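Readers should treat all values here as calculations from the given coordinates under stated rules, not as data from a laboratory. Only a predicted model underlies this, so the values are computations on that prediction, with no experimental measurement involved. All Cβ positions, even for glycine, are placed from backbone atoms using ideal geometry, and neighbour counts span all protein chains on display.
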Amino acid sequence: MNRVRLFVLLVVAVLVVAAPAAHGTSQSLVVSQVYAGGGNSGAVYANDFVELLNRGSTAIDVGSWTLQYASAGSTSWQVIPLSGTIQPGRYYLVGLASSGSVGSALPAADASGSANLAVAGGNVAIVHDTSSLSCGGTPGSCSAVPAVADLVGYGTAADYEGAAAAPAVSATLADARAGAGCTDTDDNGTDLATAAPSPRNSASPAAACGSGSPSSASQDASVDLDLQAVLSLSLEHSSLSFGNAAAGDTPAALGDRLTVVSNSATGYALTVHRSVFTPADLPLAISTTAPAGGTLGSGVSGNALTRVPVVPAADLLVGTTSARSAANGDVWPATIGFATALPIVPPGHYAATVTFTVVGR
C-alpha cells in the first residue's frame, strides 16, 4: 500500500524598513574619566572603567562607534563596541575587566568589554569606526586619525593629546576630566587630573557644559512601536498527511485555512505552486472559496479540484482582492486533494512541498 504524506510550506512576504542613523559632531564626545585599578589590592571598584560624556547640544548615536584601548607604547588596540544614543550632557559608562575581587561593583554599565587597563599607563580612544586602530607609537599619531573623536594617554603612554599625557592612575585614583568632564583643550596633561573614582552612567544627572549652572531640566520617556509586516500569510496546518492509500484510490481531501493580513489599499494576489512528489509524482490539486471582497482566480473553482502547478511552471492564481484585508485577516478556506485516482506507482513514502505566496498589488 502506498503511504502518501503532504508537507505544506508557508511563505511570508515581509517588508523591512531601516532608517539611517544620524551622528553628532565627533568633538562633542570625550573621555571624561579613566580608572584602571579595578580589583587590585586596595581598589575602590572591582572593575576598570572608562566614562564618556556628550559635551555637545545634540544627541549622538554611537551604534557604529567603538571605545579602544592600547597599552603604553603599543599600536595594537582592543576594540569595545558601543551601542545606543548619548543625550546632550549625559555620561556613558563602559565597564571593563577586573584584576581581582577587591572593591565595590560599578553602577549599571551602558556598555562592557574585556580590556584590562594598565595602572602605569595606556591609551583609550573614542573611535567613530569599528576597525582597530594602528597608531599610538608617537605623540599625536592617533589624534591625526580622522575617525578618532577623543584620545586620552595617561601615565607612561607614548601617545597623547597636547604637550603631555594625563597622570598615572592607581587602585584609589582615576583620571578625571575637569569641569565635570566638560573641559577639553586637547591637552591631556592639563584637561585631566587624578581624583577619587566616581563612575557615572546614562542615568546620572546631566552635566551643564557651556554654562555655570543648568538652565533647564529634562526627563527621558520611553516610546515604542511594534511595526507589523505589510503582508503576512499563515496556514492553519503547517503539514497535511493523507495517511495510507493504495494505487487506484482517491484519498479523501483535506481542509486548510489560509489567513492573509494586508494593509495595502490596492489589495493583494494569492498564488500557489508545488514541488514534484518523490519518488514519483502524484496529481495534487486544490479548491477554495473567496472571502468577502475577494475574487477567485480564473482557473480555480470553489467545488472542483484544480491541479497545483509544479515549478518551474507559473503559479496558479488562487485569488485577488482590491482593498485592505479585514482587521483579523482574510480567510481563504482551501481543500487539498488529488485531481484523479492515484496512479500505479511503487509502494513507499511520497512527499512534496506546497508553497503559497501573497504579493501586494
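Taking the chain as a Gaussian network, where each spring joins two C-alpha atoms under 10 Å apart, which residue of Val148, Val261, Val169 fluctuates the most?
Sorting by GNM fluctuation, first place goes to Val261.
So, how do all the Cα-to-Cα distances of the stretch 83-173 break down into 10 Å bins, in percent, from 0 on up?
Going out from 0 Å in 10 Å bins, the stretch 83-173 shows 14, 41, 37, 8 percent.
When all alpha-carbon pairs of the stretch 150-261 are counted, what percent fall beyond 19 Å? Provide the component values of the computation, followed by the final result.
Values: 4390 of 6216 pairs.
Pairs farther apart than 19 Å: 71 percent.
Cα convex hull of the stretch 26-195: how many Å³ per residue?
91 Å³
Computed FRET efficiency, Cβ-Cβ of Ala253 and Ser131, R0 35 Å: what is it to the nearest 0.05? Could the numbers behind the result be given before it?
Working: r = 60 Å, r/R0 = 1.71.
For R0 = 35 Å, the calculated efficiency reads 0.05.
Mind listing the lone cysteines of the chain, meaning no other Cys beta-carbon sits under 4.7 Å from theirs?
If one checks each Cβ against the other cysteines of the chain, every cysteine finds a neighbour under 4.7 Å.
If you build a Gaussian network model of the chain, linking Cα atoms that sit under 10 Å apart, which residue out of Thr172, Thr183, Thr289 swings the most?
Thr289
In the stretch 265-281, whose amide N lies under 14 Å from the spot 7 Å out along Cα-to-Cβ of Val359? List them in ranges.
Under 14 Å, as judged by backbone N against the label point of Val359, lie 268-273 of the stretch 265-281.
Using a cut-off of under 16 Å, list every residue of the stretch 105-144 whose amide N is near the label point 7 Å from the Cα of Ser198 along the Cα-to-beta-carbon line.
107
Using the Kirkwood formula on the Cα atoms of the chain, what hydrodynamic radius do you get, in angstrom to one decimal?
Averaging 1/r across every pair of different Cα atoms and inverting gives 25.4 Å.
Please find, in a Gaussian network model of the chain (springs between Cα atoms separated by less than 10 Å), the residue of Ala193, Ala144, Ala36 whose mean-square fluctuation is greatest.
Ala144
Assuming 0.36 nm per residue, please report the length gained on full extension of the stretch Arg307 to Asn263 beyond their Cα-Cα distance.
12.8 nm
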